[in-house]
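Q: Here's a structure for you.
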Amino acid sequence: MIKKWRGGWLFPLVLALGLGVLSAWLGRISELDIEEVALNPNEPQYSMSGIDGRRFDETGRLKENLSARKAWQLPKSDDVYFAEPNLVLYGESGRLYDVNSSEARYNTENRQVVFEKNVVLTKAAEAGRPAGILKTSSLTVDTQNENAYTDAAVVYQYGQSQGTAQGVQYNHQKGFLNLPSRVKAIIYDPKNP
């Protein structure tokens, strides 16, 4: 004689409840409590010493070399700050410009470097163009468009010519130098000494 067990529904119910409790317990013990800590906006998020970064063009030729004694970046900032930076820009003919100063900041979005305090820009001599030196307190270099500018007072020497001005704008691609105001200069023409 086969006797039908009347509690046939009890086992699946107990099994379902047991699995539900086990699943809830495992879910609870595997949860991670993540607490986000806000960083101090006045303290560096990243800091590096003795850096030397290089950028190459699409053909693999060295285009820029930026080195510094120290660099740091603050939280939620697109600016990287440098102590004693030196930027060297290269062209097809080799080394074009060296720019160094006491401090600088590089914006990662617009790729501009703002040099500050004791800025010295040195231009290497090229075929038909003499070497040049420009000194100022602040200079912005746009590495994308290959130009530099400042509104601060500048002292310059280009070959044997020399002078002072209030502000300067230089576009390397066009070979254009603009001294917008208060220019005092001694111009030396090598063709007519």
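Derivation of every value follows stated rules applied to the coordinates shown; laboratory data play no part. From a predicted model like this one, the values you see are computed outputs, not experimental measurements. Here the Cβ is made from the backbone with ideal geometry for all residues, glycine too, and neighbour counts use every protein chain on show.
Q: Please give the length that would be gained between Ser49 and Ala24 if that part of the chain were fully extended, namely 0.36 nm times their separation in residues minus their C-alpha to C-alpha distance (nm, one decimal).
A: Result for the pair: 4.0 nm of gain on full extension.
Q: May I ask for the angle, rounded to the nearest 10°, between helix 10-29 and the longest principal axis of the chain, with both axes built from Cα atoms and the value confined to 0 to 90°?
A: Approximately 30 degrees, to the nearest ten.
Q: For Leu17 and Thr122 in one chain, what is 0.36 nm times their gap in residues minus the Cα-Cα distance, to one decimal in nm?
A: Full extension from Leu17 to Thr122 adds 29.8 nm.
Q: What's the extension gain from Ala153 to Asn42 if we count 0.36 nm per residue and subtract their Cα-Cα distance?
A: So the extension gain works out to 36.9 nm.
Q: Another question, then. Shape of region 27-90 from its Cα gyration tensor (a ≥ b ≥ c, root eigenvalues): rounded if a/c is under 1.5, otherwise prolate when a/b > b/c, or oblate?
A: prolate
Q: In the chain, once you exclude exposed trypsin sites (Lys or Arg not before Pro) (DSSP loop, at most 12 other Cβ within 10 angstrom), what's the longest stretch remaining?
A: The answer is 77-173.
Q: Given labels modelled 7 Å from the Cα in the Cβ direction, how far is it in nm from Asp78 to Thr108?
A: 1.1
Q: Under 19 Å between alpha carbons: how many lysine pairs meet that in region 64-186, if sequence neighbours fewer than 8 apart on the same chain are excluded?
A: 5
Q: Can you give the calculated 222 nm mean residue ellipticity of the chain, where each DSSP H run of n ≥ 4 adds -39,500 (n - 2.57) and the sum is split over every residue, rounded to the nearest 500 deg cm²/dmol?
A: Dividing the helical sum by the residues of the chain leaves -3500 deg cm²/dmol.
Q: Of the residues Asp57, Asp142, Asp98, which exhibits the maximal mean-square fluctuation in a Gaussian network model of the chain defined by a 10 Å Cα contact cut-off?
A: In this elastic network of the chain, the residue with the biggest mean-square fluctuation among Asp57, Asp142, Asp98 is Asp57.
Q: Sticking with this structure for a sec: If R0 is 22 Å, what FRET efficiency do you get for Phe176 and Leu96 from their C-beta distance, rounded to 0.05?
A: E(calc), rounded to 0.05, equals 0.90.
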